[in-house]
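Any read-out appearing in this document is the output of simple, stated calculations on the displayed coordinates, not a laboratory observation. Note that the coordinates shown come from a computational prediction; the quantities given were computed from them, not determined experimentally. Here the Cβ positions follow ideal geometry from the backbone for every residue, glycine too, while neighbour counts run over all protein chains shown.
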2 protein chains.
Amino acid sequence: MPGKQPVLIRTIAEMRQAMKPYKANGSRVGLVPTMGALHAGHASLLKRARSECNVVVASVYVNPTQFGPNEDFNKYPRQLPLDLDRCGREGVDYVFAPADAEMYGGGTQTLIHVAKLTERLCGTFRPGHFDGVCTVVAKLFNIVQPDLTYFGQKDAQQVTVLKRMVADLNVPLQIVVCPTIREGDGLAMSSRNAFLSVEQRKQALCLYNALQAGRNVIVQGIKTSSRINAIMRDVVLAAGPFATDYLEAVDAQTLQPMEELAGTVLLAGAIRIGATRLIDNLLVDVT
Amino acid sequence: MPGKQPVLIRTIAEMRQAMKPYKANGSRVGLVPTMGALHAGHASLLKRARSECNVVVASVYVNPTQFGPNEDFNKYPRQLPLDLDRCGREGVDYVFAPADAEMYGGGTQTLIHVAKLTERLCGTFRPGHFDGVCTVVAKLFNIVQPDLTYFGQKDAQQVTVLKRMVADLNVPLQIVVCPTIREGDGLAMSSRNAFLSVEQRKQALCLYNALQAGRNVIVQGIKTSSRINAIMRDVVLAAGPFATDYLEAVDAQTLQPMEELAGTVLLAGAIRIGATRLIDNLLVDVT
């Protein structure tokens with residue numbers, strides 16, 4: 001099913017220019033921000049955008065400011081030709097793939113910081129990560145000026161933080177959160193899965209298994225988070241000596257821990273399989 | 001010269017709604033953000049906006065997040081009826097005067113921080129001030145979505161910081177900086193001048209006199225900033241025992257000090273006359 005190749009745009013000025021007629025005629029513009037290495041998870045975002053918008057823009061940009069100094073910025077997969085093909089198959093109209101000099105050329109000094117929501121979970125282990133995410137996403141919002149923008153529930157803390165930013169800064173758009181897409185055995189799709197060896201790929205499933213075990217005991221009526229967290233941790237420990245950054249039940253809105261679970265709970269985890277850091281999460285309604 | 005009274009808007013939703021037809025038909029929207037207590041300085045911004053835009057919005061909002069805990073937020077002058085009259089005389093179409101609950105009701109956690117440019121001058125003496133300014137101005141930009149926005153050179157560091165923010169975040173608008181408007185004797189117009197007693201009002205002129213003295217010696221060929229700073233400081237000291245937060249020659253672009261002046265220099269000062277903090281500045285081209 002070969003699609004029409006999307007228009008590849010490399011500069012901010014050209015991106016703005018391309019959007020002008022759509023903004024002028026009231027078209028509904030959809031933006032799917034990505035770091036490329038597109039997989040079925042991204043494809044689900046693109047499909048949703050295609051079904052809801054008159055014009056669909058995918059950005060492909062590995063944003064340096066959201067990587068820590070010892071993280072995987074340099075080895076993060078880059079495959080623009082494949083990504084363009086994928087975008088073409090999903091009916092994307094424009095792919096915005098700027099260079100670093102284009103995005104941060106003028107000696108940037110500005111950061112957007114969301115406070116409380118970034119203090120826990122990935123925020124603890126990736127200092128500055130969400131400042132980098134918020135800032136680059138705000139830039140993309142200002143460049144493309146979408147009406148709708150699409151993110152995956154896989155990055156649960158990211159969507160919570162970005163929704164907070166959009167509300168707090170009155171950004172005139174709507175964030176659409178799409179369900180996590182998984183491999184046949186349940187592993188959450190991630191560009192970083194490509195780093196896993198065959199053996200590690202099997203081991204990696206322990207994260208999703210742990211989250212499911214947590215969900216199961218909640219469904220059985222256990223609402224004490226310390227117990228649920230211990231059960232989830234045991235599942236990972238049984239699979240191998242993997243470092244767990246965090247694996248816990250938190251309030252889905254505030255991302256804060258609560259001893260007795262109530263309302264919508266986020267079971268969220270980040271573990272390291274070798275040098276690869278994987279995250280996953282499940283939402284559970286506690287009644 | 002009575003003008004048509006502008007439309008007073010109190011909520012973000014109504015402000016967005018009011019702008020929709022103008023955005024749809026390609027009108028040029030101008031925004032003049034103010035904290036109210038409008039004087040001839042603000043009027044000059046409104047006139048400029050009126051001459052360049054199809055629709056002119058003035059915001060009147062005393063933003064709490066840009067005041068420190070011991071600053072003059074509570075006593076800052078508030079006079080919306082007079083401001084509406086003034087806006088009417090200047091042909092303003094809409095006055096956006098939201099309540100605090102409207103602007104910060106949802107438990108805001110987001111701040112926009114511009115780094116280097118905020119480290120000196122007022123940034124040293126008003127920690128967090130420019131974070132508050134940047135954040136509220138970004139909110140106003142997102143609510144009104146102006147094509148042009150107008151600020152006074154009187155707040156030299158503010159305009160430098162906001163220009164940096166707009167460039168760094170790719171905000172799709174242009175900042176227009178308008179000259180400082182002065183009283184007959186040269187005192188820069190400021191809403192805070194209303195706090196001065198008759199005696200203090202006379203003393204306050206020492207700030208502008210000091211800046212002029214600095215400019216004069218630069219014009220005479222002296223380019224060593226330490227000498228110029230000393231001359232300016234002497235003018236203030238001769239006028240009375242006023243606390244000087246800062247009074248110095250800096251690079252107009254970076255706001256950093258430089259021993260040998262070159263290029264465009266900003267002579268900037270902040271002094272305290274009794275409980276009232278006044279700022280002023282002059283731009284000087286050093287050839």
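Give the share of C-alpha pairs in each 20 angstrom bin for the protein assembly as shown, from 0 to the last occupied bin, in whole percents, shortest bins first.
P(r) over the protein assembly as shown, rounded to whole percents: 18, 45, 28, 8, 0.
Jot down the per residue volume, in cubic angstrom and as a whole number, of the convex hull over the alpha-carbon atoms of segment A:209-255.
Values: hull volume 3.5 nm³, N = 47.
Convex hull volume per residue, Cα atoms: 74 Å³.
What Kirkwood Rh does segment A:90-210 have if only Cα atoms enter the pairwise 1/r average? Answer in Å. Walk me through the numbers before you get to the answer.
On the way: mean 1/r = 0.0601 Å⁻¹.
That comes to 16.6 Å for segment A:90-210.
Whose amide H sits under 5 Å from the amide H of B:I273, counting only residues 5 or more places off or on another chain, with H placed in the peptide plane?
For B:I273, the qualifying residues are B:L278.
List B:V29, B:V92 from most exposed to least, where exposure is judged by having the fewest other Cβ atoms within 10 Å. Present the calculation step by step, with values, prior to reporting the outcome.
Details: B:V29 22, B:V92 26.
Ordered by Cβ neighbours within 10 Å, fewest first: B:V29, B:V92.
Nothing charged except the Cβ atoms of Lys and Arg (+1) and of Asp and Glu (-1): what's the magnitude of the dipole of segment A:7-178 about its Cα centre? Round to the nearest 20 debye.
On the way: 19 positive and 15 negative charges, 64 e Å.
Using only the charged Cβ atoms, the result is roughly 300 debye.
For segment A:133-235, give the magnitude of the charge dipole about the Cα centre (Cβ charges: +1 Lys/Arg, -1 Asp/Glu; no others), in debye to the nearest 20.
Details: 12 positive and 7 negative charges, 50 e Å.
Its charge dipole is roughly 240 debye.
Arranged by the count of other C-beta atoms within 10 angstrom, fewest first, what order do B:D280, A:D85, B:D234 take?
Working: B:D280 24, A:D85 16, B:D234 12.
Sorted ascending by nearby Cβ count, the order is B:D234, A:D85, B:D280.
Any idea how far the Cα center of segment A:56-95 sits from the one of segment A:147-197, in Å?
14
So what are the three principal axis dimensions of segment A:173-236 from its Cα atoms, in whole Å, longest to shortest?
42, 36, 18
For B:K23, list the lysines whose Cα falls under 17 Å from its own Cα; do not include residues on the same chain fewer than 8 positions away.
Cross-link targets: A:K20, A:K23.
Among A:F151, A:F242, A:F96, determine the one that fluctuates most according to a GNM of chain A built with springs between C-alpha atoms less than 10 Å apart.
Greatest mean-square fluctuation among the candidates belongs to A:F242.
When the Karplus curve 6.51 cos²θ - 1.76 cosθ + 1.60 is applied with θ = phi - 60°, which whole-Hz ³J(HN,Hα) does each residue of segment B:35-40 get, with x for Gly and Pro?
Using θ = phi - 60°, the values come out as 9, x, 6, 5, 10, 4 Hz.
Would you mind classifying segment B:89-132 by shape? Square roots of the alpha carbon gyration tensor eigenvalues, ordered a ≥ b ≥ c; an a/c under 1.5 is rounded, otherwise it is prolate if a/b is larger than b/c and oblate if not.
On the way: a/c = 3.15, a/b = 1.48, b/c = 2.13.
Here segment B:89-132 falls in the oblate category.
For chain A, set up a Gaussian network in which alpha carbons nearer than 10 Å are linked by springs, and say which option among A:A210, A:A13, A:A262 fluctuates the most.
A:A13
If you count, for every residue in B:140-147, the Cβ atoms of partner chains within 10 Å of its Cβ, what is the mean?
Numbers: counts 1, 4, 9, 4, 1, 2, 0, 0.
Per-residue shielding by partner chains comes out at 3.
On alpha-carbon atoms, Rg over Rh for segment A:191-286 using Kirkwood Rh? Before the final figure, lay out each step's value.
Numbers: Rg = 13.2 Å, Rh = 13.4 Å.
Checking Rg against Rh, the ratio lands at 0.99.
Enumerate the calculated ³J(HN,Hα) couplings along segment B:44-60 in order (Karplus 6.51 cos²θ - 1.76 cosθ + 1.60, θ = phi - 60°), each rounded to whole Hz, writing x wherever the residue is Gly or Pro.
5, 5, 5, 4, 4, 4, 4, 6, 10, 10, 7, 9, 10, 10, 10, 9, 10
Once both axes come from the Cα atoms, what is the angle between helix B:129-144 and the longest principal axis of chain B, in degrees from 0 to 90, rounded to 10?
Compared with the principal axis, the helix lies near 30 degrees.
In what order do A:L237, A:L162, B:L117 fall by count of nearby beta-carbon atoms within 10 Å, going from fewest to most? Before the final figure, lay out each step's value.
Details: A:L237 13, A:L162 25, B:L117 22.
Final ranking by Cβ density, sparse to dense: A:L237, B:L117, A:L162.
Return the long-range amide H neighbours of B:Q174 (sequence gap of 5 or more, or a different chain), with a cut-off of under 5 Å between placed amide H atoms.
Excluding prolines and chain starts, which carry no amide H, the hits are B:L148, B:T149.
Please compute the alpha carbon radius of gyration of chain A, then divide it by the globular-protein estimate 2.2 N^0.38 Å. Two decimals is fine. Can you show the working numbers first?
On the way: Rg = 19.2 Å, N = 287, 2.2 N^0.38 = 18.9 Å.
So the Cα radius of gyration is 1.02 times the expected 2.2 N^0.38 Å.
Under the rule of at least 5 residues apart or a separate chain, name every residue whose amide H is placed under 5 Å from the amide H of B:Y246.
Those lying under 5 Å, H to H, from B:Y246 are B:A270.
Once phi is turned into θ = phi - 60°, what whole-Hz ³J(HN,Hα) does the Karplus curve with 6.51, -1.76 and 1.60 give for every residue of segment B:265-276, x standing for Gly and Pro?
Values per residue, Gly and Pro as x: 10, 9, 8, 9, x, 9, 10, 10, 9, x, 8, 9 Hz.
Taking only DSSP H segments of four or more residues, each worth -39500 (n - 2.57), what value at 222 nm results for chain B once the sum is divided by all its residues, to the nearest 500 deg cm²/dmol? Before the final figure, lay out the partial values.
Values: 10 runs with 110 residues, N = 287.
Per the formula, -11500 deg cm²/dmol.
Taking the Cα centre of the protein assembly as shown as origin, work out the dipole magnitude from +1 charges on Lys and Arg Cβ and -1 charges on Asp and Glu Cβ, in debye rounded to 20. Walk me through the numbers on the way to the answer.
On the way: 60 positive and 52 negative charges, 177 e Å.
Dipole of the protein assembly as shown, to the nearest 20 debye: 840 debye.
If packing is taken as the average number of other Cβ atoms within 10 Å across a peptide's residues, how do B:165-172, A:120-127, B:177-184 rank, most packed first?
Values: B:165-172: 20.8, A:120-127: 17.6, B:177-184: 15.5.
Top to bottom by mean Cβ count within 10 Å: B:165-172, A:120-127, B:177-184.
Once every Cα of segment B:7-178 carries one equal point scatterer and solvent is ignored, give the base-10 log of I(q)/I(0) from the Debye formula at q = 0.11 Å⁻¹, two decimals.
Each listed q maps to, in turn, -0.43.
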